[in-house]
Structures are given as structure tokens and as C-alpha cells.
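**Student:** Got a structure here, written out as C-alpha cells. Questions coming.
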Protein chains: 2
Amino acid sequence: MTAPGWTNDMAAFAPGSVPRYEAVKQFIRSRIESGEWPANHRIPSENDIVADLGVSRMTANRALRELASEGAITRVQGVGSFVAAHKGSTALLEVRNIADEIRERGHRHTSRLTLLEEEPASPEIGDALGVPTGARVFHSIMVHCEDEVPIQIEDRFVNPTVCPSYMAQDFSAITPNAYLTLVAPITRTEQIVEAVSPKPWECKLLAIGRNEPCLMIRRRTWSETASVTTARLLYPGTRYRLEGVSQ
Amino acid sequence: MTAPGWTNDMAAFAPGSVPRYEAVKQFIRSRIESGEWPANHRIPSENDIVADLGVSRMTANRALRELASEGAITRVQGVGSFVAAHKGSTALLEVRNIADEIRERGHRHTSRLTLLEEEPASPEIGDALGVPTGARVFHSIMVHCEDEVPIQIEDRFVNPTVCPSYMAQDFSAITPNAYLTLVAPITRTEQIVEAVSPKPWECKLLAIGRNEPCLMIRRRTWSETASVTTARLLYPGTRYRLEGVSQ
DNA sequence: GAGTGGTCTAGACCACGCA
DNA sequence: GCGTGGTCTAGACCACTCG
């Protein structure tokens, strides 16, 4: 279903140093990146590739399947394969567990529990946790330090239905994050990152000035269909940043 | 190389509704998640799976290969496959192209070019672009608006070796990001997200107050081995946030 | 019914790490 | 030399879409 002569350079597909499925992937990627095959353009079928590039169908299939899982193309059974509309230009940032992150930098992680209580859910919190307004929920506030310097305020609400044992934990031994992950494996995470001005009580806990900008991550996590916890993580802008590499 | 009897339930691996490679993946995943196979535990080899689960080696290979690409296991040629140490607890944030993002919200994207010139690289910029200090580099500053409201300052330096035609573009028609992606396909992106206080000239361009915190993304991108561009993207904290869902 | 992708097999050759 | 993963093939059956 492709115009004849869509390739006239097949040398790279002979057995050699680079795997043949990889050569096929590169061949298709280069057509997409050069603009020769624009978004939604139909890609040669597996059988076209078999015939034109001289590889087996399993090899063609692997190349297309991997391109699809990478988001470069979309495939529809019975129809064909097409250049994905979305394009690249998206990159990913990894958001990690604060305690692991500090330890991996070779520093010491300590934390201080500022509040641990059971309280009625506000409308916002009830909504975030999927419980009625006024229902009892657990609330903890901690400060995490890297080599004794405050680096994060963790203001967290927990759904007691999912984790009834939350209040009984020793959070100097295990972080709320780690404990909740043990009790209810995370299946979904929603995160929002913003720059905000800290409130006076937050400045005090973080030992920063009134006008110092902070990074705020609001995180909600689910286990299966149940909402487990919602947290506000506040970092001083001068002491913390998110880093990420995509390849 | 596995203790005999590591499975006594093979019914699920007969041809059926769920693909056999998927059944094999689930089988292994469940052993890992239950803790039966802890971190670094050796996983049955492809040949073990062929013998014990009654699938072909290609099917066993696909199951293990996909588990490896998902990060659940690690594989070493000539040695074996092992449960990955890493574990979950990391989540991802997607950082998108500003123009696409605005358009997908159904709003109008406009931009204004504030500066476009060739200048000698400072030590920092030279380092970021992989060119000597003092070498000529391209420098552009733009303001991106969503429905006429300023939402991002894009302060960008470009390596002229990789993209010599940069200065000749009409950036009201194509964003620098989109143009650079066309000219030099991105193979690597490094990003750093911080909360910062804006400088006076930035407040003016964004039409915000002096003490309003801003989200700053510093982004460097590579094409193959060449550093293409480095950019500072500055967003008013009240008008922009990064959102992401991981599943 | 023809074309598409989705899966699966049996067998093969190779590069690698280790004893 | 043996077991490991890495790749590749030729051929097969299936489910799906569309004319």
C-alpha cells in the first residue's frame, strides 16, 4: 500500500553489527523525523517491510511493536500502522522518594514529626481521598532534613479505610511514603508541581525568609481503585530542584 | 538452575484468551510482588521457562525482554536474569511543548520575539553548548502567551554549528522548539525544575509583581552527541503548573 | 475475501561470562 | 565447554477491518 520505491537503500539491513530490527526502527524513525512521513501518514505494513527490506516478519513486527510502545507510531489491527500525531518534544521528570534521594547523595536523612492526629475531612481533603466531608481521616505533618537542613515539609492526609494502622507507626523509623507503599501498593500517582510563596508557619519550619519562593508538589496516590493518600510537599527553592534526563 | 517444582500450576499457559507471553509475565510478576522472589533473586532462564511452562523460547524471550524494559528485572548476557533492586516509588512528570499545550487546552497561543542576536558565549553558556567561551552563539528571548496573557519567558541559546539557519526563521510561525526539533532530532533531554524569584525585567515581561514566585525549567537538549540548545523557561507560579499521572 | 496486525513455534547461529 | 541472553527466520493460525 506504499508507493513503489519507498526505499532504494537496503544495504543496512543485511546481517551486521547493528541488530536488524534496530536498523528497521532507525529507517522508519528517520523518515518520520525528516518530515517525509508526516503525522498520520500510513507506514509500510509488516509484509511490505518483509518484501522490501529483506527481513523476516517477526523482525518487522518487533521493530513496529517497539516503535509503537515508544509512542512514535500507532497501530490498529486490521487497518495499519500510522505516524503518531503527538510527536516528540515531551520529556519526563522523575519524582523520587525524598529519603532515598538524600541517602543516594551520600547525606543523612532525618525527619521530625510535627503533627499526627485524626480529624474530620474538609471538603477538599474528602474530595481528594474519596471520603465524605467530615469523615475521620489521618493527618500528619513532618519536616525532612538533609544533614540537619530542612528540605521538605510533608503535609499528608491518609484514608483510614485503606491504612487503618497509620497512626500507630514510628515515623522516625519508616517514612509515611515507604509505609503506605508497603501497606497498599501504588497503582496510580497524580502530581502537580507549582511555584508558591510559603505561609509564615512554613517559613518557620523550613527556616527560610518570608519571600523565598518554594516548589510545591501535590501528590495523590491510588491503590487499585481506592484513593490512599494526598500530600503537599513543600521545598525551599534555594535548596531543592527536580532533575531529569530523558533519552 | 532453579529448584525443581518452582511451578505446579501450568494451566494458564495453554493457548487461550490471554497471550502466552503475557501469562508468563504475570506469573513472574506475581512471584516478585508476593516477595517469593526478592530483589536480586535469580529468575528462571529462558530455557527453564520453555521446559517448565511449555512455551517456545521466542515467547519466553519476549516475556523477559518486556519485563526488563519495564524495569521489573535486569538481564545480563551470559549470566542470567534477576529481580531488579530498584522498586517502584518513582513517578514521572511529563514536560510538554508550551504551544501544543496551550492549543490542546483550546486556547490561543501567541508569542512575541524580544531579542534575536548573535553573541559571544559566556563561560556557562559555552559549557552548556559544548563550545569554547567567546565562540559566537545564537540567542533568542521570547514571551509566550495564552489568550494574550504572558505565561512563559523562553530565553534560549543555540549552537550555530548544529543549526546555522536559526537566525533566519520566522518565530511567529514556528516556535524555536519546533524548529530545532525539525532540524536536529532530539536524542537526549536534561531538565531541571526550580522555584525562583524573577528578576525585574522578567517581572515586566510577564506582567507580574516583584515577589511572585516563578517556576523555572532549565532544559538542555542533544542530537546524537552534539549539544543543540540550552533554554531557561520561566513561568509565573500563579498561572502555570506541571501536571502528571503515572500508572 | 483480502489485507492488516497479534501471536506462536521450532530451530538456528551468535556473543558473552564463567568455571 | 556449557549455559546464558540476543537475534533471526519461515511458516503458521488467528482476530480484526473494510470494501
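The values are calculated or read from the model by the stated rules, or taken from the named source; none is laboratory data. Computed from a predicted model, the values in this text were never measured in an experiment. Cβ: placed from backbone, ideal geometry, glycine included. Neighbour counts: every protein chain shown. When the accessible area is computed, the model is the full protein with side chains, heavy atoms only, and any ligands, DNA or RNA have been set aside. Shrake-Rupley method; radii C 1.70, N 1.55, O 1.52, S 1.80 Å.
**Student:** Mind counting lysine pairs for me in the protein assembly as shown? Cα separation below 25 Å, and the two need to be 8 or more apart along the chain or on different chains. Let's see the in-between values first.
**Tutor:** On the way: A:25/A:87; A:25/B:25; A:199/B:199; B:25/B:87.
Lysine pairs meeting the criterion: 4.
**Student:** For the protein assembly as shown, treating each Cα as an identical point scatterer without solvent, what Debye log10 I(q)/I(0) comes out at q = 0.08 1/Å?
**Tutor:** For the protein assembly as shown at q = 0.08 Å⁻¹, log10 I(q)/I(0) is -0.64.
**Student:** Can you tell which of A:130, A:78, A:106 shows the greatest fluctuation in a Gaussian network model of chain A with Cα springs below 10 Å?
**Tutor:** Maximum among the listed residues: A:78.
**Student:** What accessible area, in Å² to the nearest ten, does a 1.4 Å probe give for residue A:115?
**Tutor:** Accessible area, nearest 10 Å²: 50 Å².
**Student:** What dipole magnitude, in Debye to the nearest 20, does the stretch B:102-247 give about its Cα centre under +1 on Lys/Arg Cβ and -1 on Asp/Glu Cβ?
**Tutor:** 220
**Student:** Quick one: buried accessible area between B and A, total over both chains, 1.4 angstrom probe, nearest 100 Å²?
**Tutor:** Approximately 3800 Å², summed over both chains.
**Student:** Convert each backbone phi in the stretch A:37-47 into a coupling constant with the Karplus relation 6.51 cos²θ - 1.76 cosθ + 1.60 (shift: θ = phi - 60°), then list the ³J(HN,Hα) values in order as whole Hz, x for Gly and Pro.
**Tutor:** Running phi through 6.51 cos²θ - 1.76 cosθ + 1.60 with θ = phi - 60° gives 10, x, 4, 6, 5, 6, 8, x, 6, 4, 5 Hz.
**Student:** Another one. Just the number: Rg to Rh for the stretch A:65-176, Cα atoms, Kirkwood Rh, two decimals. Let's see the in-between values first.
**Tutor:** Details: Rg = 21.3 Å, Rh = 17.8 Å.
Ratio of gyration radius to Kirkwood radius: 1.20.
**Student:** With +1 on the Cβ of every Lys and Arg and -1 on the Cβ of every Asp and Glu, and nothing else charged, how large is the dipole of the protein assembly as shown about its Cα centre, in debye rounded to the nearest 20?
**Tutor:** I would put it at about 300 debye.
**Student:** Another one. Explain nothing, just compute: Karplus ³J(HN,Hα) = 6.51 cos²θ - 1.76 cosθ + 1.60, θ = phi - 60°, for every residue of the stretch B:50-56 in order, whole Hz, x for Gly and Pro.
**Tutor:** Here the 3J(HN,Hα) series is 4, 6, 8, 9, x, 10, 6 Hz.
**Student:** Taking every alpha carbon pair in the stretch B:98-236, what does the distance histogram look like in 5 angstrom bins from 0, in percent?
**Tutor:** So the P(r) values, bin by bin, are 2, 10, 19, 22, 22, 15, 8, 2, 0.
**Student:** Quick one: order A:138, B:82 from most to least accessible surface, probe 1.4 Å.
**Tutor:** Descending order: B:82, A:138.
**Student:** Okay, moving on. With a/c under 1.5 counting as rounded, go ahead and sort the stretch B:22-107 into rounded, prolate or oblate using the C-alpha gyration tensor (a ≥ b ≥ c being the square roots of the eigenvalues; past the cut-off, prolate if a/b is larger than b/c, else oblate).
**Tutor:** In terms of gyration-tensor shape, prolate.
**Student:** Dipole of the stretch A:155-228 (Lys/Arg Cβ +1, Asp/Glu Cβ -1, origin at the Cα centre): which of A:203, A:167, A:180 lies farthest to the positive side?
**Tutor:** Highest projection toward the positive end goes to A:203.
**Student:** Between the alpha-carbon centers of the stretch A:43-114 and the stretch B:182-233, tell me the distance in whole angstrom.
**Tutor:** The distance from the Cα centre of the stretch A:43-114 to that of the stretch B:182-233 comes to 25 Å.
**Student:** From the gyration tensor of the Cα coordinates in the stretch A:140-196, what semi-axes in whole Å does the equivalent ellipsoid have, largest first, with each one equal to sqrt(5λ)?
**Tutor:** 21, 17, 10
**Student:** Carbon and sulfur together cover what percent of the accessible area of the protein assembly as shown at a 1.4 Å probe radius? All intermediate terms of the calculation are to be shown ahead of the outcome.
**Tutor:** Numbers: 12910 of 24310 Å².
Carbon plus sulfur share of accessible area: 53 percent.
**Student:** Equivalent-ellipsoid semi-axes (√(5λ), Cα gyration tensor) for chain A, whole Å, largest first?
**Tutor:** 50, 21, 17
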